[in-house]
1. Going by the structure shown, is residue 243 assigned by TED's automatic domain parsing to the domain that holds residue 148, in a loop (DSSP other than H, G, I, E, B), more than 16 Å from residue 169 (Cβ to Cβ) and charged (D, E, K, R)?
2. Checking residue 259 against (1) in contact with a strand residue (DSSP E or B) (Cβ under 7 Å, 6 or more places away or on another chain); (2) free of Cβ contacts under 8 Å to residues at least 40 places away in the same chain, which test does it fail?
3. Tell me yes or no: at least one residue of the range 188-195 is in a loop (DSSP other than H, G, I, E, B) and touching a strand residue (DSSP E or B) at 6+ places or on another chain (Cβ under 7 Å).
4. Given the structure, is residue 251 surrounded by fewer than 20 Cβ atoms within 10 Å (Cβ to Cβ) and not in a loop (DSSP other than H, G, I, E, B)?
5. Pick from the range 119-153 the residues that are among the β-branched types (Val, Ile, Thr) and modelled with pLDDT of 70 or more: which of them is farthest from the chain's Cα centre (by Cα)?
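The values are calculated or read from the model by the stated rules, or taken from the named source; none is laboratory data. Being a predicted model, the structure only gives us computed values, none of them experimental. Cβ placement follows ideal geometry from the backbone for every residue including glycine, while neighbour counts extend to all protein chains displayed.
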Amino acid sequence: MNATAVIIIAIAAAVVLGALAFITLARRTDVRGAGALSAETTKRDRVARAAATSAAESNTSRAADVEAAGVAARVEGGLAPVQHDSGLTAWVPPDPDALGVSRRQFFNRATISLMAAGLGTFGAASFVAFLWPTKVGGFGSKVSVGRFDDIVAGIRAGNGFFYAPEARAWITEYPVDAIPKAEGLYASSLIPGLEQGLIASYQKCPHLGCRVPQCLSSQWFECGCHGSQYNRVGEKKGGPAPRGMDHFPLEFSVAGDVTVNTGIIVRGQPIGTNTTGQEAEGPHCVGISEH
């Protein structure tokens, strides 16, 4: 079971538990806690109310008997009976359930309702987010740049340079006879690409981040911002840059497709690294080389 399924199950469980808690607590007449009455106290109050009601009814009955006796005495004595029609009725304690909810009950139920609504909204949003298709590919991930044969042809058609805009990378040929030197200096993630005769260099200059273009006359990379220069495989040759150009690992499928893993940026080689021995092959496009 993957992490996504576990998270979805956990959110669903939280929503169900919240709903059960709401239903259970909403059925109570009050929420237990600070200020709530215990069952024993509630029982004593109920007994006391019943006793008070019985006493009131008893007193009302006795008062009615006394009044009836007085009326009978007046009639026997020749007196007119007193007309008694006050419109009053005997007091009966109200039913607690008929009074509605108390203030505490209202706030408790409102709190539970909001909590359940929040959990439900969070669960629904998370579920939709996991099911919603997300963008894949693009810079920062693995970018397919074409078939191996097409890239090699593109390098030669570009006079030694092939640019992959979706990967923000330059792809150039790496001399096979220089691989023994590279194995002791380059990161292991770059070696598979070097063994296939290719290297991918990040277009961003390590100095201040300018985009480094190729110079067809010198067959180097030469930054027009501050004059940093690199040979065709990105090793520093001159200028203020603190190191060589950074690189991306290359991956090769059985079908011959080439992928640039732009999610991994391999730090460029230190100043003085020169595994290929390539010097400028013509005039510089920017400034003068500083060896």
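1. Details: assigned by TED's automatic domain parsing to the domain that holds residue 148: yes; in a loop (DSSP other than H, G, I, E, B): yes; more than 16 Å from residue 169 (Cβ to Cβ): yes; charged (D, E, K, R): yes.
Considered against the rule, which asks whether it is assigned by TED's automatic domain parsing to the domain that holds residue 148, in a loop (DSSP other than H, G, I, E, B), more than 16 Å from residue 169 (Cβ to Cβ) and charged (D, E, K, R), residue 243 comes out as yes.
2. Status for residue 259: all satisfied but (2).
3. Restricting attention to the range 188-195, the residues satisfying the condition of being in a loop (DSSP other than H, G, I, E, B) are none.
No, that holds for no residue.
4. Values: surrounded by fewer than 20 Cβ atoms within 10 Å (Cβ to Cβ): yes; not in a loop (DSSP other than H, G, I, E, B): yes.
Against the criterion (surrounded by fewer than 20 Cβ atoms within 10 Å (Cβ to Cβ) and not in a loop (DSSP other than H, G, I, E, B)), residue 251 qualifies.
5. Going through the range 119-153, the residues among the β-branched types (Val, Ile, Thr) turn out to be 121, 128, 134, 136, 143, 145, 151-152.
After this cut, where a residue has to be modelled with pLDDT of 70 or more as well, the list is 121, 143, 145, 151-152.
Values: 121: 14, 143: 25, 145: 31, 151: 38, 152: 42 Å.
Applying the filter and picking the extreme gives 152.
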